[in-house]
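These notes concern the structure reproduced below.
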Amino acid sequence: MPLSIGTPIALYAYGALSITAFGADQNQLRYSSESGLQMGITLIGAYGLTWVLKNLADRKRPYQQYPDCITAYGSSTDPSWPSGHSAGSSAIAATLCLRYPYWYVIGPSVAYALYTGFARMHLGMHYLTDVLSGYIIGTGMALLVHHFSEEIFDFADPILPDKGAGTMGFGIIDNSIPVFSLSLSF
């Protein structure tokens, strides 16, 4: 859960606060903020759909269904199907893979999502079908949001950094350290 909240916030903040310590130009900063926004919307959609399906299906968790065979390493009061952790991890991984299609992003992202699903089954919290369904929901939501990303970015333009010149937020600009720098375009 910390990654589901922290990753989109960190990506958005990196661009919105104009943190130029890594030599990023304004277009790269905007791209980062757009990626954070896209990931946030994807996660909200994936978790929302997962919550609805959980309450409709009301499937018992493996440790509840088979208490003599499976030792639970935790407890949860919500239903088992689909896995919210798997949906969230695959939403993060798919969004990162779509926005940053480099092997050094894809490899760790996919490994993180696969490990999350394995861990949820190993802990007795989910069945394989719960995890696979979560992967489908998270990846599907990432693809859907990515398909409409340009429309989303146009709508969210006032809260995104400017394209090209100008800044929004705190940062180091032109070798000076401003207390606060803000520019909005309408």
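Take the residues in the range 50-71 that are of a type in the set (V, I, T) and either closer than 19 Å to F118 by Cβ or touching a His at 6+ places or on another chain (Cβ under 6 Å) (or both), then tell me which one is modelled with the highest pLDDT. In this case the residue turns out to be T50. Just one of the listed residues (D58, D78) is more than 16 Å from the chain's Cα centre (by Cα), loosely packed, with under 14 Cβ neighbours inside 10 Å and at positive phi, and it is D58. Just checking, does the range 151-165 include any residue being of a type in the set (F, W, Y) and closer than 18 Å to L29 by Cβ? Looking through the range 151-165, at least one residue is of a type in the set (F, W, Y) and closer than 18 Å to L29 by Cβ.
Residues of the range 29-54 that are under 14 Å from the mean Cα position of the chain (by Cα) and buried (at least 21 other Cβ atoms within 10 Å of the Cβ): S32, S33, E34, S35, G36, L37, Q38, M39, I41, T42, L43, A46.
With the structure loaded, tell me whether S4 is in contact (Cβ under 8 Å) with a residue 40 or more places away in the chain and either part of a helix (DSSP H, G or I) or touching a helix residue (DSSP H, G or I) at 6+ places or on another chain (Cβ under 7 Å) (or both) or whether it fails that test. Answer is yes for this residue.
Residue pairs whose Cβ atoms lie under 7 Å apart, sitting 6 or more positions apart in sequence or on different chains, and linking a residue in the range 81-104 that is more than 17 Å from L144 (Cα to Cα) to a partner that is buried (at least 23 other Cβ atoms within 10 Å of the Cβ) and aliphatic (A, V, I, L, M), are P82/I137; S83/V131; S86/V131. Could you say whether any residue in the range 98-107 is surrounded by fewer than 19 Cβ atoms within 10 Å (Cβ to Cβ), modelled with pLDDT under 95 and touching an Asp or Glu at 6+ places or on another chain (Cβ under 6 Å)? Within the range 98-107, none of the residues are surrounded by fewer than 19 Cβ atoms within 10 Å (Cβ to Cβ), modelled with pLDDT under 95 and touching an Asp or Glu at 6+ places or on another chain (Cβ under 6 Å). With respect to being crowded, with 16+ Cβ neighbours inside 10 Å, among the small types (G, A, S) and either touching a strand residue (DSSP E or B) at 6+ places or on another chain (Cβ under 8 Å) or modelled with pLDDT of 95 or more (or both), A119 falls outside the description.
The values are calculated or read from the model by the stated rules, or taken from the named source; none is laboratory data. What you are looking at is a predicted structure, and each value in this text was computed from that prediction instead of being measured. Glycine gets a Cβ as well: all are built from the backbone with ideal geometry, and neighbour counts include every protein chain shown.
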